[in-house]
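Undergrad: Below is a structure I'd like to ask you about.
Quick note: the coordinates plus some simple rules give every number you see, no bench work behind them. All values reported here derive from a predicted model rather than from experimental measurement. Cβ placement follows ideal geometry from the backbone for every residue including glycine, while neighbour counts extend to all protein chains displayed.
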Amino acid sequence: MQLTRRECLHLGLVAGAGLLSGCQSVLRRAMAPPPLVAGLTTRRGLPDDTIWLNRVTFGVTLTELDRLAEMGRVAYLEQQLHPNEEGEEWLVRLRLRGFEIFQVAPAELGDLPVPEVLRQLQQHAVLRAVYSRYQLQERMVDFWRDHFNVDARKGLCAYYLPQYERDVLRRYALGKFPDLLKATARSPAMLLYLDNYRNRRGVPNENYARELMELHTLGVHGGYTQKDVQEVARSFTGWTVEERFLRPRGRFRFDPSQHDDGEKHILGRRIPAGGGEDEGEQVLQMLAMHPSTARHLCAKLCAHFVAQVPGTTVRRLSEVYLSTGGDISEVLRELLLSEEFLQSPPAFKRPFDYMVSALRALYALTDGNRPLQEHLDKMGQPLYQWPLPDGYPQGEEAWKGTLLARWNFAIALCANEIRGTYVDLPALVGKMPAGDALLQTVFCLPPDAPPLRLLRERLHGTLAQQAALILASPEFQWR
């Protein structure tokens, strides 16, 4: 009997899972929380460091606060802006190995059910967000996942999403926006999702062109017209996905026979006839470096990290964007080290943000599998399943209806009722009074901080009930 590549990979994954299941006690000990530091109240930078870290990462931990206190914000941010897979802890790298969807080409994933592809995609996203040392990269991947949204449930999009996540969003998350924009435009996931693979000479499909300008670049008030949409659509005719027999299927392909080679006029600029595939490249570069794109993108970045910043800050960030060729790292450096970043009102956590911050705060050991994902579904943010091109929304109004589901998650998490996820509350508390220890660990604040004094008055019940109350508290819903 001859095994296929997928069958060999599956056997290897099963064997690896058996090995890991025999090492749960080792993993649990390795992931155990550090003892609460006696000098917690004198930790450098509190509470500003806590606020800053809570916004830059998916949630503060004592370990991360120690690292920030040792390095300082500038050095810490520089490390975050230059992620290195080899710099991850060995346990993190171990957890991220073996995902079948990242081991084979999209064309070979076709016999996997879409729900299984989604399960692995979400599991991978949860594990990275909870355990990665490079938290800023994870927050930016989450940002781009919405900015360049692709719904996994449309057609064959699910099978191209692993490649899209790894080779496009993650690869360019902290790079230059023009490179990221061009990579998304050529991605089979985006070509299929916004129907650009059907964009042909004589019958142009305007779907991608419209969303490209309204959502990906200029913004709805970016100054373009319906005529610009039509001309951009003509520029991308012939951009499709390889489907020919005996060719490497599932890759980007430019079909010159389906390209409209006529002259185009876009945003007041003339694109000469006969440019072929390069016409689309010119359009992408033009849109990426347009002042309206700079404003639109910088405003969205600010909203991702904080609730509101002054218009002057957005303008300053836009100038940095344009002067650096759309360098996202430079824009983030300017934003995250600014005074406005700390002084801005807190942002309401979206469900994924809330779940990950809770897991991090309690030093949870999780496999990120379906039982955990079901809670995210109930909170209204199952990853890769937003039906519209604009991605999951930001802001309190969009998510305040999810509070009951959040409370149920908090109760289940603290009671160790989520299969595959474990929290060791006694170890987290140590020798300190339960309420004080949990409050200081989850919020990383001195014991006399006003929010902690208010919360302490509400705490009652068992240790698990106290922890759940803290995670369900209004204070924990904001970053």
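Undergrad: Please report, to one decimal in angstroms, the Kirkwood hydrodynamic radius of the chain built from all distinct Cα-Cα pairs.
TA: Taking the inverse mean of 1/r over all distinct Cα pairs, the chain comes out at 23.9 Å.
Undergrad: Starting from the Cα gyration tensor of region 245-360, take the square roots of the eigenvalues, sort them a ≥ b ≥ c, and report rounded, prolate or oblate (rounded when a/c is under 1.5, otherwise prolate if a/b is larger than b/c, else oblate).
TA: Since a/c reaches 1.5 but b/c is at least a/b, the shape of region 245-360 is classed as oblate.
Undergrad: Before rounding to the nearest 500, sum -39500 (n - 2.57) across all DSSP H runs of length at least 4 in the chain and divide by the residue total; then give [θ] at 222 nm in deg cm²/dmol.
TA: Helix contribution divided over all residues of the chain: -15500 deg cm²/dmol.
Undergrad: Quote the relative contact order of region 82-168 in percent (integer), defining contacts as alpha-carbon pairs under 8 Å separated by 6+ residues.
TA: 38
Undergrad: Hey, if you put +1 on the Cβ of every Lys and Arg and -1 on every Asp and Glu Cβ in region 82-168, which of MET140, VAL168, CYS157 ends up farthest toward the positive end of that dipole?
TA: Of MET140, VAL168, CYS157, it is MET140.
Undergrad: Could I have the simple spin-label model distance between GLU396 and ALA273, label points 7 Å from Cα toward Cβ, reported in nm to one decimal?
TA: Roughly 5.9 nm, to one decimal.
Undergrad: So what is the relative contact order of the chain, in percent, for Cα pairs below 8 Å that sit 6 or more residues apart?
TA: Answer for the chain is 19 percent.
Undergrad: About the Cα centre, and with charges only on the beta carbon of Lys, Arg (+1) and Asp, Glu (-1), how big is the dipole of region 82-168? Nearest 20 debye, please.
TA: Dipole magnitude for region 82-168 comes out near 200 debye.
Undergrad: In terms of modelled amide H atoms, which long-range or inter-chain residues lie less than 5 Å from the amide H of TRP239?
TA: ASP255
Undergrad: Simple spin-label model, 7 Å along Cα-to-Cβ: GLN258 to LEU388 in nm?
TA: 2.9
Undergrad: Give the lysines whose C-alpha is closer than 22 Å to that of LYS400, dropping any in the same chain fewer than 8 places away, or say none.
TA: LYS300, LYS349, LYS378
Undergrad: I've got another one for you. Considering the convex hull of the alpha carbon atoms of region 314-432, report its projected area averaged over all viewing directions, in nm², one decimal.
TA: Dividing the Cα hull surface by four gives the mean projection, 10.6 nm².
Undergrad: Quick one: grab the alpha carbon gyration tensor of region 291-343, order the square roots of its eigenvalues as a ≥ b ≥ c, and give me rounded if a/c is under 1.5, else prolate or oblate depending on whether a/b is larger than b/c.
TA: prolate
Undergrad: May I pose another question? Apply the Karplus curve 6.51 cos²θ - 1.76 cosθ + 1.60, θ = phi - 60°, to the phi angles in region 146-152 and return the couplings in whole Hz, x for Gly and Pro.
TA: Once rounded to whole Hz, the list reads 8, 4, 10, 4, 9, 7, 5.
Undergrad: From the backbone phi of region 317-329, what are the Karplus-calculated ³J(HN,Hα) couplings (6.51 cos²θ - 1.76 cosθ + 1.60, θ = phi - 60°) in whole Hz, Gly and Pro given as x?
TA: Each residue of region 317-329 in turn: 5, 4, 5, 4, 4, 5, 6, 10, x, x, 7, 5, 4 Hz.
Undergrad: Can you compute the FRET efficiency between THR63 and THR324 using 1/(1 + (r/R0)^6), with r the Cβ-Cβ distance and R0 = 25 Å? Round to the nearest 0.05.
TA: So, using R0 = 25 Å, E works out to roughly 0.15.
Undergrad: Amide H to amide H, which residues 5 or more places from LYS176 or on other chains are under 5 Å from it, using H placed in the peptide plane?
TA: Those lying under 5 Å, H to H, from LYS176 are ILE328.
Undergrad: Related question: Hey, any idea what Rg/Rh is for region 82-168, computing Rh the Kirkwood way over Cα pairs?
TA: My calculation puts Rg/Rh at 0.96.
Undergrad: Using the crude model of +1 on Lys and Arg Cβ and -1 on Asp and Glu Cβ, and no other charge, please compute the dipole size for region 291-343 relative to its Cα centre, in debye to 20.
TA: 180
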